[in-house]
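Since the structure comes first, as structure tokens, the remarks are kept for the end.
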There are 2 protein chains.
Amino acid sequence: MLKQFLVPEKDQVLVPEEKARAGTQAVFEKMGLPPDEAATSTDVLITSDLRGCESHGISNMLRYYITSYGDGSYNPRPNVKTVRESNTSATWDGDRSLGLHIGPGAMELAMDKAEEHGMGAVAVKNTKHFGMLAYYTLQAVERDMIGVAMVSAGGGAMVPIFGSEPVFGTQPIAWAAPADKMPPFVFDVATTQVAANKLGLAKRIGSKIEPGWITELDGTPIMESVDVPEYGSFNMLPFGGTRENGGHKGYGFAAIADIMSGVLSGNGPGFIADRSYSFFVMAYKIDAFRDVGEFKADMDTLLEKLANNKPAPGHDRVLYAGLPEHEETELRRANGIPYHREVVDWFNSMSAELDLGVTMP
Amino acid sequence: MLKQFLVPEKDQVLVPEEKARAGTQAVFEKMGLPPDEAATSTDVLITSDLRGCESHGISNMLRYYITSYGDGSYNPRPNVKTVRESNTSATWDGDRSLGLHIGPGAMELAMDKAEEHGMGAVAVKNTKHFGMLAYYTLQAVERDMIGVAMVSAGGGAMVPIFGSEPVFGTQPIAWAAPADKMPPFVFDVATTQVAANKLGLAKRIGSKIEPGWITELDGTPIMESVDVPEYGSFNMLPFGGTRENGGHKGYGFAAIADIMSGVLSGNGPGFIADRSYSFFVMAYKIDAFRDVGEFKADMDTLLEKLANNKPAPGHDRVLYAGLPEHEETELRRANGIPYHREVVDWFNSMSAELDLGVTMP
């Protein structure tokens, strides 16, 4: 993550993984999920925090989930239905479940189909926030598969290049592949210049955003470094930013995520489906194409070449997607997760209010 | 395309589609391809020129193909071998064929597998330039499928973010989906800021390139608008450009194309495979997930929302990937293809030299 999204050291409270996990588990059970399903949802959330992806962890998301279960918009006991199915594919109706509640099971099904036929994919309509996409692609990596995940997260955030009316949400895409000795390649990005959640983080921390990240309401890109404006007073640009800088490419990938998730699942394009989200998960069985050992050896060769690349002036090292997250996970497993003290305070007062019987740190 | 890549009107010679097609067909036959296979290769090349993608048409590529057949690096009569196969997948050894010679057949096989099982993919190693990727994804659109194509085109062009040693080629990705009344969504991009071929075009036309497109050899991004430097004196940035502008996302997609094409096919990462290219084509049968008519109706809804989006100040209209190319094809079918006169002169002198018996316009 860019520096402006990190919690300043003076505001950090280190919470051991088990404490964070126990607290989140208690919340999901209180919301009405069966214990094993609460554990699945918890694992998605805590894996985000361990990987340094706190925009999708407890800090930003848990209070929002509590509100949404509380007002009935999320269904804690969904009756998930299979709408259509083939050798390699399934389309589900998620029955207003939280995406990260049923997402791991969707990927399991995609992988089972891939195990038998070489590839498998599940498209899910009528569901909610999916959490950190990397999680699902890591499930595939564990089974010697290539994993893909995409989400259509509404349509109120991102304008098309040269446009002024938002058509897409942050429409994220993730892709992962296993290696042998090197940490796996795990790519997970919003197709906006920045995830919406990260704007929330930046606002809390008081950081500015970069030129070419957002637009005025008339579609004019804001090309200065500014404070995060109020929600409703700006729209977001696709990644790349302006046309000259490749913004039309980010725009295209946003459309792909909207098509593969929203249109293919039957949820409809994000801008119509609005608060009903949809997602698409897919697994490729490597062995269907090539010997797995040879594949992983080639992945090591590629990832070593990237990680050992001679840095440009002003930089210490070269990274690849998944490498810093892997290192961060090891650190946080050992030392605890650095939450903002405001988050810990919130958790403890919420826990008292809901009588959860757990505290942090 | 950006304005700096268009042939100035005073230098244009309009060549009717049939003339361009006949000329290209004669070239491929002279190179040793059987007539039907020459027709396939010709169709890929002329479709590029019709869509306004002249970077991948006659102008830049044909003379290069002639040289490469001439010096024996391309095999005009390849013995393509199936290395591995499953219900949904195949891995081919392309026997040094030109990619656009065997690419359409690879996509046919992927679609046949998708027809039966819902999805199909073919990974090809040991092949050469693939031409315009959009072509293969359009094959899928014709059969009510979603099409995907990726290429690992060597490793000598693009540095990773913060790096100085090139690891990737332009590693393009294409994705297309059919609509009903609207022209299909057809996305086809290099994962560099700009296709290498387009730098050649810009050089011929004398245009400058934009800030954040390329780097010095030590990895420092060039942040001014400059003339296209000599080959060998710069490296390319992933699309997005700098880290703050989303360049790490373009970098990730470059790695995905390298993994899905190079590593999965057994060709190896592009930086090792060098002049042996590899590609990956895939088809999703829409009907495996959802009723095709409903899918297309939703695509119309999405694409109309994009095309009718209120433009930002300073812009006339909003486009989506595939829309301008569709319009350009109609224009060029009617009026001819606007080649640079230098290209037409080259074609005619080459034709005389090889005794092809065809001329342009």
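The values are calculated or read from the model by the stated rules, or taken from the named source; none is laboratory data. Since we're looking at a predicted model, the values are computed, not measured. With ideal geometry, Cβ positions are generated from the backbone for all residues, glycine too; neighbour counts draw on all protein chains shown.
Where residues in region B:91-110 are surrounded by 21 or more Cβ atoms within 10 Å (Cβ to Cβ) and either under 19 Å from residue A:291 (Cα atoms) or of a type outside the set (Gly, Ala, Ser) (or both), which of them is nearest to the other protein chains (Cβ to nearest Cβ)?
B:91
Check region B:80-90 and report whether any residue there is under 30 Å from residue B:289 (Cβ atoms), within 14 Å of chain A (Cβ to nearest Cβ), surrounded by 18 or more Cβ atoms within 10 Å (Cβ to Cβ) and among the charged types (D, E, K, R). Outline the logic, then answer.
So the first thing to find is which residues in region B:80-90 are under 30 Å from residue B:289 (Cβ atoms), and the list is B:82-90.
Cutting the leftovers down to within 14 Å of chain A (Cβ to nearest Cβ) gives us B:82-90.
Remaining after also requiring surrounded by 18 or more Cβ atoms within 10 Å (Cβ to Cβ): B:86, B:88-90.
Checking the rest, the ones that are also among the charged types (D, E, K, R) come to none.
No: zero hits.
Applying a threshold of 8 Å to beta carbon distances and a minimum spacing of six or more residues, or different chains, the list of pairs starting in region B:58-87 at a residue that is farther than 14 Å from residue B:130 by Cα and ending at one that is surrounded by fewer than 17 Cβ atoms within 10 Å (Cβ to Cβ) and modelled with pLDDT under 95 reads B:73/B:275.
No other residue among A:311, A:324 is of a type outside the set (Gly, Ala, Ser) and within 8 Å of another protein chain (Cβ to nearest Cβ) apart from A:311. Does residue B:202 fit the bill of being outside the structural domain of residue B:125 (by TED's automatic domain parsing), surrounded by fewer than 24 Cβ atoms within 10 Å (Cβ to Cβ) and hydrophobic (A, V, I, L, M, F, W, C)? Judged against the criteria, residue B:202 is a match. Would a scan of region B:268-287 turn up a residue that is assigned by TED's automatic domain parsing to the domain that holds residue B:166 and at positive phi? The answer is yes; a qualifying residue exists. When residue B:281 is tested against (1) within 24 Å of the chain's Cα centre (by Cα); (2) at the interface with another protein chain (Cβ under 8 Å from one of its Cβ atoms); (3) outside any loop (DSSP other than H, G, I, E, B); (4) not charged (D, E, K, R), exactly one condition is not met: (2).
Matching residues to (1) out of contact with any helix residue (DSSP H, G or I) (no Cβ under 9 Å at 6 or more places or on another chain); (2) within 11 Å of chain B (Cβ to nearest Cβ); (3) closer than 25 Å to residue B:248 by Cα:
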site	(1), (2), (3)
A:189	no, yes, yes
A:200	no, no, yes
A:218	yes, yes, no
A:232	yes, no, no
A:237	no, yes, yes
A:289	no, yes, no
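Each residue in region B:158-187 was checked for being surrounded by fewer than 24 Cβ atoms within 10 Å (Cβ to Cβ) and closer than 30 Å to residue A:314 by Cβ, and 4 of them qualify. Residues of region B:284-337 that are surrounded by fewer than 23 Cβ atoms within 10 Å (Cβ to Cβ), within 27 Å of the chain's Cα centre (by Cα) and among the small types (Gly, Ala, Ser): B:307, B:334, B:336.
Can you tell me which residue among A:176, A:196 is touching a residue at least 24 places away in the same chain (Cβ under 8 Å), closer than 13 Å to residue A:281 by Cβ and of a type in the set (Gly, Ala, Ser)?
A:176
Results for (1) assigned to a helix (DSSP H, G or I); (2) of a type in the set (A, V, I, L, M), shown as yes or no for each residue.
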residue: B:14; (1), (2): no, yes
residue: B:26; (1), (2): yes, yes
residue: B:38; (1), (2): yes, yes
residue: B:52; (1), (2): no, no
residue: B:62; (1), (2): yes, yes
residue: B:68; (1), (2): yes, no
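Return yes when residue B:255 is at the interface with another protein chain (Cβ under 7 Å from one of its Cβ atoms) and either assigned to a strand (DSSP E or B) or under 25 Å from residue B:136 (Cβ atoms) (or both) and no when it is not. For residue B:255, the condition - at the interface with another protein chain (Cβ under 7 Å from one of its Cβ atoms) and either assigned to a strand (DSSP E or B) or under 25 Å from residue B:136 (Cβ atoms) (or both) - is met.
Just a yes or no: is a residue in region B:334-341 among the aromatic types (Phe, Trp, Tyr), assigned to a strand (DSSP E or B) and in contact (Cβ under 8 Å) with a residue 40 or more places away in the chain? Before the answer, list the steps.
We begin by selecting, within region B:334-341, every residue among the aromatic types (Phe, Trp, Tyr); these are B:339.
Going one step further and asking which of them are assigned to a strand (DSSP E or B), we end up with B:339.
Filter once more, keeping what is in contact (Cβ under 8 Å) with a residue 40 or more places away in the chain: B:339.
Yes, the conditions are met somewhere in region B:334-341.
Kindly check whether there is at least one residue in region A:344-358 that is free of Cβ contacts under 8 Å to residues at least 24 places away in the same chain and among the small types (Gly, Ala, Ser). Yes - at least one qualifying residue is present in region A:344-358.
If we scan region A:262-278, do we find a residue that is among the aromatic types (Phe, Trp, Tyr), more than 8 Å from chain B (Cβ to nearest Cβ) and crowded, with 21+ Cβ neighbours inside 10 Å?
Within region A:262-278, the subset among the aromatic types (Phe, Trp, Tyr) is A:271, A:277.
Checking which are more than 8 Å from chain B (Cβ to nearest Cβ) leaves us with A:277.
Then keep just the ones that are crowded, with 21+ Cβ neighbours inside 10 Å; that gives A:277.
Looking for residues that are among the aromatic types (Phe, Trp, Tyr), more than 8 Å from chain B (Cβ to nearest Cβ) and crowded, with 21+ Cβ neighbours inside 10 Å, one finds at least one in region A:262-278, hence yes.
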